[in-house]
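Asks: Before I ask anything, let me first share the structure, which is written out below as structure tokens.
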């Protein structure tokens, strides 16, 4: 009799456990691999920070995130990223900050990011080329006065 009760109890626990396991569906996750390179020569950038931020459906960044560091070959990887939109930022000393949204929809994604050198700052104290408008005219106002006389000036006194 004890064996029957123990056997019935074990079967009942197995059935409850399998029912609970079926109710909980696992979200698909991906493995992301990053390669951070210099834009001008294609060499890897070591110690670059790769920051991952989940993005909500409305396009706003969720709280939290994850920061990875690139190794000497410019590589960083993370396993277990849930499917969906992900904002990726890459920061490295001496390079422009990179930022872009990616759609994680595959089990394995390889992302190559090329960082550019910072561009020179714009200064009002330096001379700059004249900006041209689409119609070919310059954007700068001319300080020269026209030598042309008005064709018909009614307010001018007549002699």
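Quick note: the coordinates plus some simple rules give every number you see, no bench work behind them. This structure is a prediction, so every number in the text was calculated from the model and none was measured. A quick note on method: Cβ atoms are made from the backbone with ideal geometry, for glycine too, and the neighbour counts reach across all protein chains shown.
Asks: Treating each Cα of the stretch 33-115 as an identical point scatterer and ignoring solvent, apply the Debye formula and state log10 I(q)/I(0) at q = 0.13, 0.19, 0.25 Å⁻¹.
Replies: Taking Cα atoms of the stretch 33-115 as identical point scatterers yields -0.39, -0.81, -1.26.
Asks: Now a separate question. Could you order the peptides 33-41, 93-101 from most to least packed, using the average number of other C-beta atoms within 10 Å per residue?
Replies: Ranked from most to least packed, the peptides come out as 33-41, 93-101.
Asks: Based on the Cβ-Cβ distance from residue 72 to residue 27, what FRET efficiency comes out when R0 is 30 Å, to the nearest 0.05?
Replies: That pair, residue 72 with residue 27, gives E of 0.35.
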